[in-house]
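K.L.:
The structure that follows is given in the form of structure tokens.
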Amino acid sequence: MKHTYNNRSLILMLLLAFMSFAVVSCSDDDNAGGQPQITGVKILTNDTINYSYDSVYNKAGAGTMIAIMGTSLQNARKVLINNQDIYINPTMNTDHSIIVTIPSESNGFKLSAFDSSIPDIIEVETDHGTATYAFKVTAPGPQLQRIDASYPRNAGDTLKLNGLNLVDIQKIYITDASAASLDTTVWTDVPGNRTDITDYFNIKQDHHLNNSTRAYETNSIVGAIVPENAPDSGSVVIEAAAGTTYLAYYKRPGVPVITYVSSDMPEIGETLILAGREFVQVSEIKYGDVTLGPSDFTVSATNDSIFIPFTKKPSKGSSMTITVTTPGGTVTEGNFYDYASVLTNFDGEDAADEGWDPNASYVDGGNADGKYANINVAKEAQQWWGKMIFFKKDWHGNNFTLSGNIPDNASADDIYFAYNVYDNGDYNNGSFWGYLRYTLWPNEAAGKEGDPPLPYQYDNFTWGDYDAGIGSFPDGPVLQDINGVNHKRRWYRAVVPIKKFPAYSKLSTYGEVKNAGVSIFRLQSINQTSSAGKIDVRIDNVRIIYIPKK
């Protein structure tokens with residue numbers, strides 16, 4: 001049967017063991033009254049992974065209970081650690097041991113790590129002499145958290161090692177063993193081929209009381225000069241008195257990876273977001289014929305996101321890719337700003353307004369994006385036929401030309417009806433949801449009407465009771481991005497999977513979608529419930545796009 005003891009029980013058991021040992025030892029008075037000696041220090045803790053009761057130690061952290069082991073230690077008058085008086089409980093003082101607790105810093109104990117005049121020594125004064133023992137009271141365990149340095153990291157360059165409690169450093173080196181391997185293997189000494197860093201120095205040591213934990217800690221930055229013959233990759237290791245800490249090290253960063261692009265066709269004024277990894281020291285971002293430098297974007301501190309204020313569109317006919325360049329390499333993402341995917345941008349060049357009332361208004365944004373459509377209703381409730389954006393290719397009966405830049409064998413599950421949107425209204429506010437009716441007419445359905453639901457109509461709601469005008473909650477947030485999120489008061493890309501539309505629901509590939517075609521599209525505001533709200537939605541760059549799953 002397995003027994004589990006709490007901390008207090010383990011310490012009590014150990015104390016009883018020591019006291020039993022002391023009683024037996026008292027019968028052996030060969031050294032009684034002789035010169036006291038300290039033979040070692042035992043750590044009294046329930047941490048049996050890092051400490052053994054059968055071992056002696058020459059260091060421990062502040063706040064630790066210890067047993068000072070030796071001979072002729074009875075009748076101790078004083079115990080000094082780091083030249084500071086430590087409380088002695090007489091019942092814990094025998095000929096062979098003295099049990100004391102090292103005070104914590106918050107109780108005023110001072111460490112040699114922050115005062116070089118403090119000796120690392122234990123002294124026991126008795127009425128028959130004084131015993132000494134070299135012993136280090138350590139600061140809290142070190143944590144190496146971040147390395148600041150430009151790439152490539154060549155010999156002679158300075159690494160800024162950021163972390164907590166990077167004090168009492170005994171050595172710093174670079175090993176060719178990866179941090180991942182150190183995380184997943186059991187080791188006593190750090191493995192791998194080491195290159196010592198002999199030139200290191202303090203840049204910042206902010207030693208302070210953490211108000212949350214009520215314990216002292218040190219915010220540290222240590223400068224370290226990259227040595228000759230350092231490996232191209234591995235781990236930077238700091239061995240301090242309180243323990244060892246390490247972090248992955250690379251001469252050059254890894255090749256950047258893009259896992260997410262917030263929009264394939266951002267609006268002027270929108271913030272384009274790229275997510276991924278290894279966005280380290282980004283030197284250039286390029287899309288089409290537009291090139292951006294470091295002052296044109298912001299990289300997150302974690303190097304996994306880039307935020308680009310979108311101020312310039314690429315020219316038609318330029319490359320439909322976005323590229324990120326770092327010292328580690330280049331990554332390119334396709335399907336970016338494909339003008340051929342646009343059904344209309346409302347500037348009168350590519351589609352014709354059906355002109356049905358109540359019609360949206362079309363407003364010049366005053367920037368390089370031209371006009372956008374605006375559905376603006378002061379208060380919408382209990383209506384079955386709201387304002388709409390209703391367009392066809394032209395008055396000659398032609399169909400929209402869908403992009404030829406999407407692979408015909410792309411899954412129809414990755415094809416979306418998309419548009420840029422700015423929601424300045426009350427959608428999704430907890431009480432008012434509102435609804436949208438989307439309609440895409442395939443080629444063969446042009447000009448046909450019928451009773452709802454039309455075979456080419458998608459409502460983002462269901463009719464709970466059509467005759468009573470009762471609707472259910474919408475199918476997810478109204479105006480949602482690829483992650484199902486509705487954003488407020490900023491431009492972003494909203495999408496609807498093409499297979500939500502009944503006429504396209506059974507199609508398997510983009511080639512089949514393209515063959516079915518699009519002759520007319522409509523977005524219409526609907527709210528047949530009594531919950532009222534304001535709608536102010538701006539829409540631009542309506543398109544059919546491809547978002548491949550990562």
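The values are calculated or read from the model by the stated rules, or taken from the named source; none is laboratory data. What you are looking at is a predicted structure, and each value in this text was computed from that prediction instead of being measured. Backbone-built Cβ (ideal geometry, glycine too); neighbour counts: all protein chains shown. The area values use the complete protein model at the heavy-atom level, side chains included, leaving out ligands, DNA and RNA. Shrake-Rupley method; radii C 1.70, N 1.55, O 1.52, S 1.80 Å.
K.L.:
Only residues that are open to solvent by less than 40 Å² (accessible area, probe 1.4 Å), modelled with pLDDT under 90 and either in contact with a strand residue (DSSP E or B) (Cβ under 6 Å, 6 or more places away or on another chain) or under 16 Å from Ile99 (Cα atoms) (or both): list them for region 15-43, please.
P.N.:
Those that are open to solvent by less than 40 Å² (accessible area, probe 1.4 Å), modelled with pLDDT under 90 and either in contact with a strand residue (DSSP E or B) (Cβ under 6 Å, 6 or more places away or on another chain) or under 16 Å from Ile99 (Cα atoms) (or both): Leu15, Phe18, Ala22, Ser25.
K.L.:
Give me a count of the residues in region 86-101 that are under 17 Å from Thr71 (Cβ atoms) and assigned to a loop (DSSP other than H, G, I, E, B).
P.N.:
Residues flagged as under 17 Å from Thr71 (Cβ atoms) and assigned to a loop (DSSP other than H, G, I, E, B) within region 86-101 amount to 3.
K.L.:
Exactly one condition in (1) assigned to a loop (DSSP other than H, G, I, E, B); (2) loosely packed, with under 14 Cβ neighbours inside 10 Å; (3) at pLDDT 95 or above is not met by Lys204; state its number.
P.N.:
(1)
K.L.:
Residue by residue through region 377-402, note down the ones that are of a type outside the set (A, V, I, L, M, F, W, C), outside any loop (DSSP other than H, G, I, E, B) and open to solvent by 60 Å² or more (accessible area, probe 1.4 Å).
P.N.:
Lys379
K.L.:
Tally time: how many residues in region 503-550 are in contact (Cβ under 8 Å) with a residue 40 or more places away in the chain and part of a helix (DSSP H, G or I)?
P.N.:
8
K.L.:
Condition (residue is surrounded by 17 or more Cβ atoms within 10 Å (Cβ to Cβ), in contact (Cβ under 8 Å) with a residue 12 or more places away in the chain and of a type in the set (Asp, Glu)) applied to region 334-341: is it met by at least one residue?
P.N.:
Yes, region 334-341 has at least one match.
K.L.:
Phe346 fails exactly one of the following numbered conditions: (1) modelled with pLDDT of 95 or more; (2) open to solvent by 20 Å² or more (accessible area, probe 1.4 Å). What is the number of that condition?
P.N.:
Among (1) modelled with pLDDT of 95 or more; (2) open to solvent by 20 Å² or more (accessible area, probe 1.4 Å), Phe346 violates only (2).
Residue by residue, here is whether (1) free of Cβ contacts under 8 Å to residues at least 60 places away in the same chain; (2) touching a His at 6+ places or on another chain (Cβ under 7 Å); (3) of a type in the set (Ser, Thr, Tyr); (4) open to solvent by less than 30 Å² (accessible area, probe 1.4 Å) holds:
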site	(1), (2), (3), (4)
Ile102	yes, no, no, yes
Ser117	yes, no, yes, no
Gly129	no, no, no, yes
Ala134	no, no, no, no
Tyr151	no, no, yes, no
Gly156	no, no, no, no
Leu159	no, no, no, yes
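K.L.:
Yes or no: Gly366 closer than 30 Å to Lys534 by Cβ, open to solvent by 30 Å² or more (accessible area, probe 1.4 Å) and either over 37 Å from the mean Cα position of the chain (by Cα) or among the charged types (D, E, K, R) (or both)?
P.N.:
Judged against the criteria, Gly366 is not a match.
K.L.:
Need pairs with beta-carbon distance below 6 Å; first residue within 17 Å of Asn429 (Cα to Cα) and open to solvent by less than 50 Å² (accessible area, probe 1.4 Å) and within region 477-496, second in a strand (DSSP E or B) and small (Gly, Ala, Ser); sequence gap 6+ or separate chains.
P.N.:
Leu479/Ala494
K.L.:
Sort out which residues of region 286-327 are within 22 Å of the chain's Cα centre (by Cα) and open to solvent by less than 20 Å² (accessible area, probe 1.4 Å), and write them in order of number.
P.N.:
Once the filter is applied, which keeps residues that are within 22 Å of the chain's Cα centre (by Cα) and open to solvent by less than 20 Å² (accessible area, probe 1.4 Å), region 286-327 yields Phe297, Ile306, Ile308, Val324, Thr326.
K.L.:
Determine, yes or no, whether Pro191 is open to solvent by less than 60 Å² (accessible area, probe 1.4 Å) and touching a residue at least 40 places away in the same chain (Cβ under 8 Å).
P.N.:
Answer is no for this residue.
K.L.:
For the condition free of Cβ contacts under 8 Å to residues at least 12 places away in the same chain and more than 30 Å from Tyr546 (Cβ to Cβ), what is the one hit in Val236, Val226, Val222, Val186?
P.N.:
Val186 is the lone residue from the list that is free of Cβ contacts under 8 Å to residues at least 12 places away in the same chain and more than 30 Å from Tyr546 (Cβ to Cβ).
K.L.:
Could you please find all residues in region 182-201 being modelled with pLDDT of 95 or more and among the hydroxyl-bearing types (Ser, Thr, Tyr)?
P.N.:
Matches in region 182-201: Thr195, Thr198, Tyr200.
K.L.:
Restricting attention to region 257-269, does a residue exist that is in contact with a strand residue (DSSP E or B) (Cβ under 7 Å, 6 or more places away or on another chain), farther than 17 Å from Asn420 by Cα, of a type in the set (A, V, I, L, M) and assigned to a loop (DSSP other than H, G, I, E, B)?
P.N.:
Looking for residues that are in contact with a strand residue (DSSP E or B) (Cβ under 7 Å, 6 or more places away or on another chain), farther than 17 Å from Asn420 by Cα, of a type in the set (A, V, I, L, M) and assigned to a loop (DSSP other than H, G, I, E, B), one finds none in region 257-269, hence no.
K.L.:
State whether the residues of region 360-378 include one that is in contact with a Ser or Thr (Cβ under 6 Å, 6 or more places away or on another chain) and on the phi < 0 side of the Ramachandran plot.
P.N.:
Looking through region 360-378, at least one residue is in contact with a Ser or Thr (Cβ under 6 Å, 6 or more places away or on another chain) and on the phi < 0 side of the Ramachandran plot.
K.L.:
Spot the failing condition for Leu272; the list is (1) in a loop (DSSP other than H, G, I, E, B); (2) crowded, with 18+ Cβ neighbours inside 10 Å, and only one is missed.
P.N.:
Leu272 satisfies every listed condition except (1).
K.L.:
Within region 119-185, which strands (runs of 3 or more DSSP E) (wholly inside it) include 1 or more residues that are closer than 30 Å to Met69 by Cα?
P.N.:
Output list reads 121-126, 129-134, 136-138, 169-175.
Residue-by-condition table, conditions (1) at pLDDT below 95; (2) assigned to a strand (DSSP E or B); (3) closer than 14 Å to Ala149 by Cβ; (4) in contact with a helix residue (DSSP H, G or I) (Cβ under 6 Å, 6 or more places away or on another chain):
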residue: Ser212; (1), (2), (3), (4): yes, no, no, no
residue: Thr218; (1), (2), (3), (4): no, yes, no, no
residue: Ile221; (1), (2), (3), (4): no, yes, yes, no
residue: Ala224; (1), (2), (3), (4): no, yes, yes, no
residue: Ala230; (1), (2), (3), (4): no, no, yes, no
residue: Gly234; (1), (2), (3), (4): no, yes, no, no
residue: Val237; (1), (2), (3), (4): no, yes, no, no
residue: Thr244; (1), (2), (3), (4): no, yes, no, no
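K.L.:
Here is a further query. Inspect region 121-128 for any residue being in contact with a strand residue (DSSP E or B) (Cβ under 7 Å, 6 or more places away or on another chain), closer than 30 Å to Asp196 by Cα and not basic (Lys, Arg) and give the result as yes or no.
P.N.:
There is at least one residue in region 121-128 that is in contact with a strand residue (DSSP E or B) (Cβ under 7 Å, 6 or more places away or on another chain), closer than 30 Å to Asp196 by Cα and not basic (Lys, Arg).
K.L.:
Something else: Which members of region 44-65 meet the condition of being surrounded by 14 or more Cβ atoms within 10 Å (Cβ to Cβ), modelled with pLDDT of 85 or more, of a type outside the set (A, V, I, L, M) and outside any strand (DSSP E or B)?
P.N.:
Listed by number, the residues that qualify are Gly63, Thr64.
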